[in-house]
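Please read the structure below before turning to the comments.
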Amino acid sequence: MGHAHEYCIYIGNSGVVMVSRVVSGAHYGLRDWLMQRITAVIMAVFSVFLAGFFVLHTPLQFGDLKQLFSHDPMRYFTLLFFLSLFLHAWVGMRDILMDYVHSAVVRLALHSAVIVSLVIYFMWAVQIIWGK
């Protein structure tokens, strides 16, 4: 699959011809790659921890889960998991939209919808974790 590049040529203030490259697509380099990897590791650690808890507490009772999530460190760990999940989802969705949605208007609308959805999901997660 090819990558779209646009080149803009203009004359700068000093009269020098300038060329700038505008890269479209989802290839932002190390920052996004690193965010995907770090968030994936956090989610994996949380998932392995929770799976181990389920195995050690078989048959699982509601009281076991209530006690687990009553401690602040577990709440923070869970919040970190959800934050990682939503950041991971954002980078992935943004990359997909930038690669496959070519209309800037549609892409902006979809980006906005994803951002609003993820923020609402995060607020909902916080409410569940610290709710009564």
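The values are calculated or read from the model by the stated rules, or taken from the named source; none is laboratory data. Bear in mind that the values here come from a model prediction, so they are computed numbers and not experimental data. Ideal geometry is used to build each Cβ from the backbone, glycine not excepted, and the neighbour counts take in all protein chains shown.
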>> Being surrounded by 14 or more Cβ atoms within 10 Å (Cβ to Cβ), touching a Ser or Thr at 6+ places or on another chain (Cβ under 8 Å), assigned to a helix (DSSP H, G or I) and of a type outside the set (A, V, I, L, M) is true for just one of 111, 88. Which residue is that?
In response: 88
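Right, residue 126: among the aliphatic types (A, V, I, L, M), surrounded by 12 or more Cβ atoms within 10 Å (Cβ to Cβ) and over 19 Å from residue 50 (Cβ atoms) or not?
No; evaluated as a whole, the condition is false for this residue.
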>> I want to confirm something. Restricting to the stretch 39-73 and keeping residues that are within 22 Å of the chain's Cα centre (by Cα) and aliphatic (A, V, I, L, M), which single residue is farthest from residue 91 (Cα to Cα)?
In response: 50
>> Which of the numbered conditions does residue 75 fail, given that it passes all the others? Conditions: (1) within 25 Å of residue 31 (Cα to Cα); (2) assigned to a helix (DSSP H, G or I).
In response: (1)
> When you go through (1) under 19 Å from residue 32 (Cβ atoms); (2) under 17 Å from the mean Cα position of the chain (by Cα); (3) surrounded by 15 or more Cβ atoms within 10 Å (Cβ to Cβ) one by one for residue 82, which number turns out not to apply?
Replying inline: (1)
> Between a first residue in the stretch 94-110 that is within 23 Å of residue 33 (Cα to Cα) and a second residue that is surrounded by 11 or more Cβ atoms within 10 Å (Cβ to Cβ) and β-branched (Val, Ile, Thr), which pairs have beta carbons less than 8 Å apart while being 6 or more apart in sequence or on different chains?
Replying inline: 94/114; 97/114; 107/101; 110/101
> Restricting attention to the stretch 55-79, and to residues there that are hydroxyl-bearing (Ser, Thr, Tyr) and loosely packed, with under 10 Cβ neighbours inside 10 Å, which single residue is nearest to residue 122 (Cα to Cα)?
Replying inline: 70
> Among 15, 52, which is modelled with pLDDT under 95, exposed (fewer than 14 other Cβ atoms within 10 Å of the Cβ) and either not in a strand (DSSP E or B) or not hydroxyl-bearing (Ser, Thr, Tyr) (or both)?
Replying inline: 15
> Just one of 94, 21 is within 19 Å of the chain's Cα centre (by Cα), modelled with pLDDT under 95 and of a type outside the set (Phe, Trp, Tyr); which is it?
Replying inline: 94
